[in-house]
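Read the structure below first, then the notes.
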Ligand code: NA
Ligand code: NA
């Protein structure tokens, strides 16, 4: 029996209680006692922000993680995590399982980080901003004091926003008192308990800075090699099943949370298509500059761009989700 | 003992260095506020500098705080014990702590080296600086702490052998 | 056997501490020893990750910055002038300086997210003055610890902001929920000091003769030269936050610069004052931050070795009624708060406790408010009390642990009164959030 510890960055909320726990439950029950995985919240098996280290070192045999936390190691992680003008949740699933994404993902993680990794949850489209200034166009975005981090901090700066960096725990007060104009966090469901909607008047969407994303499971290489083919397959399949579960559950929860925002006191603002194109243009320039000097970045980017090219014809023969009544 | 003097001297020196770090820490954050409101341009570096300098002054200051007996302990029981008995207790504790601190120092050295080789960056801001200089300060901090523990151990051994405080 | 092994961590730690080992070392040593039993060699990585978490946490920069401000104000004599002015105006009020200290504590609590920073700055400012006025050392200790503890309840408390998303409760509603209990607490603290000083004047002697001799013109002059500049400094800290100019961490840096400028204005700034202040700052900061770091190590290992899981299953399978389970959770938080940084307690207990609380159908805001009041009480309660450890680091040896232990007792009783009130009258925590949920935008 494999008595494993699972590390996560999450200290609570649906990513811990629903997504990570869901994967654990699948593995524990489907393996018929072959696995006994115990889930640990963020910061209890090593640092919450360096879960990959915890898996490499063997403190945890497995993790439920967001690859974006390794952005400081390599910008390629942004493409796999989901970035601005990137793939939507549905596109991510198609690219991963049919477009060669899963294979690239596993190969990349193994080569660069010496862990075996595969998708374990899917992330919904985020809210673009909780803001005290309405943002529709690039003009509105210029000079906006925006709290963000990672790849989007770089691209938003290039677009003219004044990006401010501060600890996650300081955002609420900073937004309330006007130290910053705006902040981004996550999808409607994730943002609800942060209370940002109580201290910022405008809710701006769609989340072009993060149109979708993927959470992964990572397995320690030595622990993985000790497994039988059947056990390895079981983990991969449980990951796939959890991706589907999380897509269903998160989509529904986001729907409810967004309805609640609409019914509440905030003013909802939709981004102008010209702004969305501007983000796309700047993102492409950012991608191209990294692809020139980073072979893995170039490889993943090429695969994602080929997929995006292919899916262009989708709207021509598929009805848009949610639009069937109108 | 000359070793005690030497170790205490090194610790004192780094403690002074750590104390000076409070000035750049203050400057970085005040400049950020100034830059954001007067120049209307938040800096890319102030946030990164703030945690890096805070961490460095904390790590480099630990050993000197030990030398100055600043680390708090509960003396309710030990007040009723003889000086020698307390010295024996401390000796046992420090003998257990010294290997632990050297172990952590070694791990930090390894961690720093890896970050250097892999060009690990912070990933927190658009500045995205390399991390190995920060990790180096942590490594030095724990090395100093381990060495200062040796000095404290020797001081306790002196109490046991001579019956007097160093 | 393995399941219960980690529960032995607490007695082992307490033994080490009472044998006189420094608190931070005691936590590191017991974390390493028990961690080794489960993780063997990789325990070093576990500990290293806690070094990283603490040493790269930007919010903790407020600790050295606040202490630097306090040290400058003390060493340059500004604090003394400030309290002298306060004393002139409040000399008819029994325990006036104590009351002033608690008010100052409330203000700094509103300016700082980090509890230890609030207490250190209040202590640096107020201890020398209270000693000079021959305040009873027990009362003095209690006042400083209690003032410092207010940082938990009064916004922008980092503890609350971290608790919200982890518990799935709105941060804004939590702040609203804490407002009444927090004000009640500060009010009762002040009332206690006044009462104690009235009933037993020797606790807080007020020298009527000396003060009465000061003519009004002199009083006004002192007020303008001592009270107003200090008030301006406090405004630099609190005002920059309230006006949205700075985050609490940045505001503490502005306060530090303000203190330096003020001492230049008073011509009491010299290189030696500056040098002594930075040296003092770094020593106290290293001590406080090392307790935070070692606490993280201890908590991390306790959780990772299965301690919390054991506790959770014990609770779930206990068959106790819902109020008994609630009491158990609060008791565990109380014990964890003895040693650990409040944020660590939140991060460790809330993910385990929240599902149970929901299952039992308790109001979530109410539970979180009670939880925070418990943490604050634990911060004050001997024998293991962070408030007392921090106080020791900044107070002269003439104030002993015994003074501190005795001094905090009345304040703990007040905390327990407030806790009882919150538990018995849930509206104390839930009324304001319900009233204030309808945010309207101008
Ligand atoms: Na506060
Ligand atoms: Na306590």
Candidates B:60, B:13, B:44 - the one that is part of a helix (DSSP H, G or I) and facing another protein chain (nearest Cβ under 9 Å): B:60
Here's a check for you: in the range C:129-163, which residue that is more than 19 Å from the chain's Cα centre (by Cα) and outside any loop (DSSP other than H, G, I, E, B) is nearest to the other protein chains (Cβ to nearest Cβ)? C:137
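Residue-wise test of (1) in a helix (DSSP H, G or I); (2) away from chain B (no Cβ under 14 Å); (3) within 20 Å of the chain's Cα centre (by Cα).
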| residue | (1), (2), (3) |
| --- | --- |
| A:18 | yes, yes, yes |
| A:29 | yes, yes, no |
| A:37 | no, yes, no |
| A:46 | no, no, no |
| A:64 | no, yes, yes |
| A:78 | yes, no, yes |
Looking at (1) under 23 Å from residue B:49 (Cα atoms); (2) within 12 Å of another protein chain (Cβ to nearest Cβ); (3) assigned to a helix (DSSP H, G or I), which is the one condition that is false for residue B:148? (1)
Can you confirm whether residue C:44 is within 9 Å of chain B (Cβ to nearest Cβ), surrounded by fewer than 24 Cβ atoms within 10 Å (Cβ to Cβ) and within 19 Å of residue A:40 (Cα to Cα)? yes
If I go through the range A:170-217 residue by residue, how many of them are more than 10 Å from chain C (Cβ to nearest Cβ) and farther than 21 Å from residue A:155 by Cβ? 6
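Yes/no matrix, rows are residues, columns are (1) modelled with pLDDT under 95; (2) more than 20 Å from residue C:257 (Cα to Cα); (3) crowded, with 20+ Cβ neighbours inside 10 Å:
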position	(1), (2), (3)
B:1	yes, yes, no
B:12	no, yes, no
B:19	no, no, yes
B:71	yes, yes, yes
B:75	yes, yes, no
B:82	yes, yes, no
B:97	no, yes, yes
So in the range C:103-129, with the set limited to residues that are surrounded by fewer than 24 Cβ atoms within 10 Å (Cβ to Cβ) and within 19 Å of residue C:196 (Cα to Cα), which one is farthest from ligand 2 (Cβ to nearest atom)? C:129
Of the residues B:114, B:120, only one is within 21 Å of residue C:48 (Cα to Cα) and touching a strand residue (DSSP E or B) at 6+ places or on another chain (Cβ under 8 Å); which? B:120
Are any of the residues in the range A:137-145 in contact (Cβ under 8 Å) with a residue 24 or more places away in the chain, more than 30 Å from residue A:62 (Cβ to Cβ) and in a loop (DSSP other than H, G, I, E, B)? yes
Facing chain C (nearest Cβ under 9 Å), within 30 Å of residue B:130 (Cβ to Cβ) and free of Cβ contacts under 8 Å to residues at least 12 places away in the same chain: is that true of residue B:81 in this structure? no
From the options C:397, C:433, C:426, residue that is more than 13 Å from ligand 2 (Cβ to nearest atom) and buried (at least 20 other Cβ atoms within 10 Å of the Cβ): C:433
When residues of the range C:250-291 are limited to those that are outside any helix (DSSP H, G or I) and free of Cβ contacts under 8 Å to residues at least 60 places away in the same chain, the one nearest to the other protein chains (Cβ to nearest Cβ): C:270
Looking at the range C:103-122, is at least one residue more than 16 Å from ligand 1 (Cβ to nearest atom) and touching a residue at least 40 places away in the same chain (Cβ under 8 Å)? no
Would you kindly identify the helices (runs of 4 or more DSSP H) lying entirely within the range C:312-395 that contain at least 3 residues that are away from every other protein chain (no Cβ under 14 Å) and more than 16 Å from ligand 1 (Cβ to nearest atom)? C:322-336, C:364-380
Just wondering, is there one or more residues in the range C:342-355 that are more than 27 Å from the chain's Cα centre (by Cα) and either free of Cβ contacts under 8 Å to residues at least 60 places away in the same chain or buried (at least 17 other Cβ atoms within 10 Å of the Cβ) (or both)? yes
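In contact with a strand residue (DSSP E or B) (Cβ under 9 Å, 6 or more places away or on another chain) and either more than 7 Å from chain C (Cβ to nearest Cβ) or crowded, with 21+ Cβ neighbours inside 10 Å (or both): does that describe residue B:24?
Spelling it out, it is not the case that residue B:24 is in contact with a strand residue (DSSP E or B) (Cβ under 9 Å, 6 or more places away or on another chain) and either more than 7 Å from chain C (Cβ to nearest Cβ) or crowded, with 21+ Cβ neighbours inside 10 Å (or both).
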Scanning the range A:116-137 for residues that are farther than 15 Å from residue A:215 by Cα and either at pLDDT below 95 or in contact with a strand residue (DSSP E or B) (Cβ under 8 Å, 6 or more places away or on another chain) (or both) gives A:127, A:128, A:129, A:130, A:131, A:132, A:133, A:134, A:135, A:136
Inspect the range C:178-189 for any residue being crowded, with 24+ Cβ neighbours inside 10 Å and within 14 Å of another protein chain (Cβ to nearest Cβ) and give the result as yes or no. yes
Somewhere in the range B:120-135, is a residue assigned to a helix (DSSP H, G or I) and farther than 30 Å from residue B:42 by Cα? no
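The values are calculated or read from the model by the stated rules, or taken from the named source; none is laboratory data. Quantities reported herein were computed from a predicted structural model and do not represent experimental measurements. Note: ideal-geometry Cβ built from the backbone for every residue, glycine included; neighbour counts use all protein chains shown.
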